[in-house]
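What follows is a single structure, written as structure tokens, with notes after it.
The values are calculated or read from the model by the stated rules, or taken from the named source; none is laboratory data. Note that the structure is a prediction, hence the values are computed from the model and not measured. As a convention, Cβ positions derive from the backbone with ideal geometry for all residues, glycine included, and neighbour counts pool all protein chains shown.
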Amino acid sequence: MKVVESGLGGVLVFEPVVYGDPRGFFFESYREDLFRKAAGTNRPFVQDNHSRSVRHVLRGLHYQVRQPQGKLIRAVVGEIFDVVVDLRRPSSTFGQWMATVLSAENKRQVWVPEGFAHGFLVLSDVAETVYKTTDYYAPRHERSLLWNDPDIGIAWPLTAEPILAAKDVAGRRLAECEVLETL
């Protein structure tokens with residue numbers, strides 16, 4: 001598995017080695033020893049999530065102020081434009097973002113450490129994502145960073161108005177949102 005540094009405070013992109021033949025393909029989608037070494041963490045994954053969305057759905061940018069979650073994300077159907085924003089105030093990359101395309105075809109995964117907001121835009125007719133988290137979902141601690149905050153300036157590849165949940169429409173700008181005060 002190839003590990004690519006994103007340049008954004010510990011966010012990593014994992015590119016698996018895929019073995020294919022006329023029968024199909026095989027690849028290791030998760031290997032704990034390699035992941036732990038690359039990510040520099042011993043936190044266990046405690047929850048797996050699976051979402052299905054249609055074209056133009058934009059989910060995020062979500063994070064938890066208590067019980068922050070590290071996330072290992074991949075698309076198993078379709079294609080998404082996956083985005084993370086650093087919300088760790090002491091970080092040298094605070095308020096910066098990065099994005100990558102995750103798809104069933106490229107089989108990439110993104111490691112999003114605790115302290116980042118995460119979201120994605122569906123680029124295909126349908127997309128399904130699966131992701132592991134290092135802490136449990138805690139609705140009372142969940143927050144939404146405004147997906148189109150002009151101070152962050154994410155270059156979403158929109159071809160139509162995004163389909164948003166109410167909580168994402170009501171997201172707060174970086175200057176107003178709760179952030180993590182420690183690394």
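Number of residues in the stretch 27-45 that are surrounded by 12 or more Cβ atoms within 10 Å (Cβ to Cβ) and over 13 Å from Phe14 (Cβ atoms) equals 3. The residues in the stretch 77-87 that are in a strand (DSSP E or B) and either in contact (Cβ under 8 Å) with a residue 60 or more places away in the chain or in contact with a Cys (Cβ under 6 Å, 6 or more places away or on another chain) (or both) can be counted, and the count is 5.
Of all the listed residues (Arg52, Arg59), the sole one being modelled with pLDDT of 95 or more, in contact with a helix residue (DSSP H, G or I) (Cβ under 8 Å, 6 or more places away or on another chain), closer than 23 Å to Ala138 by Cβ and not in a helix (DSSP H, G or I) is Arg59. State whether the residues of the stretch 30-41 include one that is of a type in the set (Phe, Trp, Tyr), assigned to a loop (DSSP other than H, G, I, E, B) and in contact with an Asp or Glu (Cβ under 8 Å, 6 or more places away or on another chain). Looking for residues that are of a type in the set (Phe, Trp, Tyr), assigned to a loop (DSSP other than H, G, I, E, B) and in contact with an Asp or Glu (Cβ under 8 Å, 6 or more places away or on another chain), one finds none in the stretch 30-41, hence no. Checked against (1) at pLDDT 95 or above; (2) outside any loop (DSSP other than H, G, I, E, B), Gln69 passes all but a single condition, namely (2).
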